[in-house]
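**Student:** First the structure, then my questions, so here it is.
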Amino acid sequence: MNKIPAAIFGASGMVGQRFASLLQNHPQIELVAAYSSDRSRGKTLGEIWRIPEIPLIEDVSSLKLEKLDVEDAAAKGVKIAFGALPADLARDVELVAASKGIAVFSNAGAYRMESDVPILIPEINFDHLNIVDVQRKNRNSKGFIVTNSNCSVAGLSVALKPLVDRLRFKRVFVSTYQAISGAGYPGVPSLDINANCLPFIKNEEEKMNREARKILGSFNGKSIDPRDIEVWAHCVRVPCRDGHLESVSILLDGQPPSVEELERIFDEFTGVPQELKLPTAPQQAIIVRKERDRPQPILDAMAGYPDRARGMAVSVGRIRIDGNLLRFFCLVHNTLRGGAGDSVLNAECAIHEGKT
Ligand SMILES: NC(=O)c1ccc[n+]([C@@H]2O[C@H](COP(=O)([O-])OP(=O)(O)OC[C@H]3O[C@@H](n4cnc5c(N)ncnc54)[C@H](OP(=O)(O)O)[C@@H]3O)[C@@H](O)[C@H]2O)c1
C-alpha cells in the first residue's frame, strides 16, 4: 500500500512534536511536511526536539520546519493534515485546508462544537465519524475537519463511557490536576507554577461539560444529540510535566455495583479501534490500577500497549463505593490520548472507513 502523504500544522509545539514521534515509521501515513510560525522556520525537527526519551529517525529529524502555508501543503500532495495550532489560527487554516480536499485531524478547539464536526474518541463514538459526510455536503468541501477533545475531557469521557452504558446518573463532579505541558510551549511562567498549584485554567471547566455531552451523545444521521449529563469541574494546573490526573465523584441512582464489578466493567471496556487492531489503538483502552497510590502521572501517563500506543490507555484507580457515591481517579496523557495520539487514531479510523 502507498502511504498517504501528511503534514503537521504547528509541528514545533507540544502536540506537534508528539505528532512527529507518532508518524515516524507509521504503516499507512508518511510525514512529508512540517509547518510552524516564522519563529521556528528553517530549523529541522531534530534541532527543536524536546522529547528526548523518543529519538527521531533520520528522515523525520532532518525535516525542515516551513512557514505555515496551506497552498504549499496542497501543492505537495498532502492528503491528511494534523492540526496543532492555537485555536484562533486554526479557525481559518483548517477550513481552507478542508476546502482544498485535505482531511484535517485537529487538536484545536475552533470547530469542536460545530454541529457538523465530530469530537471523535473512537472507542466511544466511532459512528460520529459519519458526520463528515454531512459536513462535506453542508460546506461543499472535498476535505473535512475531525477534532479531538480537550485533553482533560478525553480521559474523563473514556472512563465514563462504560459507566453511562450501564449505570444511571446525571451529574459528574470532577477535580483535575493538570500537567504543565497542557498549556503548550513555553506555557505557564516558571515562577507561577514552580512549587505551586493554579486553580484556574481559562475556559477549561466549561469545555469539560459541553464536550463530554457531545462526545457521549448519539449521532442522529445529521448531528449529535448530546448526552443528558452534567459535568461540574474544578480545573487546577499542577507542577507535573505530562499527564492529567482527575478525581471523579458520581452520585448513582439505584443499586450501586460492587468495587469488583466496577473493576471488571472498566477492565473489559473495548471499542471498534481494538476490534480493527488499528496501529495506534491500545490493546486495552482502560487499565485498572489496584494499588492504593495509583494512577500517578510519572508512573502511568505512558500506559498503553503495543509500543505505538504508549500513552493511549486511560488509567483508573482508587475505585470506592460509599452508599450511592462512586469515586475514583483517572489519568490521561494529555498530549497523546488527549492530543496527538487521538488524532492519529482518528485518521486511522477515517482511512479504514474510506473517508480519506
Ligand atoms: N498541550 C496539550 O496537552 C493539548 C492537548 C489537546 C489539545 N491541545 C490544543 O492543541 C493546539 C496546540 O497546542 P500546543 O500545546 O502544542 O501549543 P504550542 O506548544 O504553543 O504550539 C503551537 C504551535 O503552533 C505554531 N504557531 C503559533 N502561532 C503560529 C502562527 N502565527 N503561524 C504558524 N504557526 C504558528 C507554533 O509554532 P512556533 O513554535 O514557530 O511558534 C507551534 O508549532 C492548541 O489549540 C491546544 O489548545 C493541546
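The values are calculated or read from the model by the stated rules, or taken from the named source; none is laboratory data. Not measured: the values here are computed from a predicted model. In this analysis, Cβ positions are derived from the backbone assuming ideal geometry, glycine residues included, and neighbour counts consider all displayed protein chains. Ligands, DNA and RNA are stripped out before the accessible areas are found, and what is left, the full protein with its side chains, is counted by its heavy atoms. Shrake-Rupley method; radii C 1.70, N 1.55, O 1.52, S 1.80 Å.
**Student:** What pairs come up if the first residue lies in the range 201-221 and is free of Cβ contacts under 8 Å to residues at least 12 places away in the same chain, the second is surrounded by fewer than 16 Cβ atoms within 10 Å (Cβ to Cβ) and among the basic types (Lys, Arg), and their beta carbons are under 9 Å apart, counting only those six or more places apart or on different chains?
**Tutor:** Qualifying pairs under 9 Å: none.
**Student:** For the range 285-356, give me every one of the strands (runs of 3 or more DSSP E) that falls completely inside it and has 2 or more residues that are open to solvent by less than 10 Å² (accessible area, probe 1.4 Å) and closer than 27 Å to His128 by Cα.
**Tutor:** In the range 285-356, the matching strands (runs of 3 or more DSSP E) lie at 314-322, 325-332.
**Student:** Tell me which residues, restricted to the range 13-29, are in a loop (DSSP other than H, G, I, E, B), touching a residue at least 60 places away in the same chain (Cβ under 8 Å) and either within 13 Å of the ligand (Cβ to nearest atom) or open to solvent by 20 Å² or more (accessible area, probe 1.4 Å) (or both).
**Tutor:** Hits for the range 13-29 are Gly13, Pro27, Gln28.
**Student:** Just one of Asp133, Asp88, Asp72, Asp116 is within 11 Å of the ligand (Cβ to nearest atom) and either farther than 16 Å from Ala6 by Cβ or free of Cβ contacts under 8 Å to residues at least 40 places away in the same chain (or both); which is it?
**Tutor:** Asp88
**Student:** From the list Ala73, Ala108, Ala34, exactly one residue is within 22 Å of the chain's Cα centre (by Cα), open to solvent by less than 10 Å² (accessible area, probe 1.4 Å) and under 25 Å from Asp133 (Cβ atoms). Which is it?
**Tutor:** After applying the criteria, what remains is Ala108.
**Student:** Can you tell me which of Val32, Val104, Val78, Val132 is within 24 Å of His352 (Cβ to Cβ), modelled with pLDDT of 95 or more, part of a loop (DSSP other than H, G, I, E, B) and in contact with a strand residue (DSSP E or B) (Cβ under 9 Å, 6 or more places away or on another chain)?
**Tutor:** From the options Val32, Val104, Val78, Val132, the qualifying one is Val78.
**Student:** Tally time: how many residues in the range 323-356 are over 24 Å from Gly10 (Cα atoms) and under 14 Å from the mean Cα position of the chain (by Cα)?
**Tutor:** Summing the residues that are over 24 Å from Gly10 (Cα atoms) and under 14 Å from the mean Cα position of the chain (by Cα) in the range 323-356 gives 1.
Residues are listed down the side, and each one gets a yes or a no for (1) within 14 Å of the ligand (Cβ to nearest atom); (2) modelled with pLDDT of 95 or more; (3) in contact with a strand residue (DSSP E or B) (Cβ under 6 Å, 6 or more places away or on another chain); (4) within 11 Å of Gly155 (Cβ to Cβ):
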site	(1), (2), (3), (4)
Gly304	no, yes, no, no
Ala309	no, yes, no, no
Cys330	no, yes, yes, yes
Ala340	yes, yes, no, no
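**Student:** Something else about it: Taking the range 157-182 only, how many residues are crowded, with 24+ Cβ neighbours inside 10 Å and farther than 16 Å from Cys235 by Cα?
**Tutor:** Total meeting the criteria: 3.
**Student:** Evaluate the following for Val248: is it under 20 Å from the mean Cα position of the chain (by Cα) and open to solvent by less than 10 Å² (accessible area, probe 1.4 Å)? Walk me through how you get there before you give the answer.
**Tutor:** Values: under 20 Å from the mean Cα position of the chain (by Cα): yes; open to solvent by less than 10 Å² (accessible area, probe 1.4 Å): yes.
Considered against the rule, which asks whether it is under 20 Å from the mean Cα position of the chain (by Cα) and open to solvent by less than 10 Å² (accessible area, probe 1.4 Å), Val248 comes out as yes.
**Student:** Continuing with this model, one more query. I need a count of the residues in the range 183-237 that are polar (S, T, N, Q) and open to solvent by 70 Å² or more (accessible area, probe 1.4 Å).
**Tutor:** Of the residues in the range 183-237, 4 are polar (S, T, N, Q) and open to solvent by 70 Å² or more (accessible area, probe 1.4 Å).
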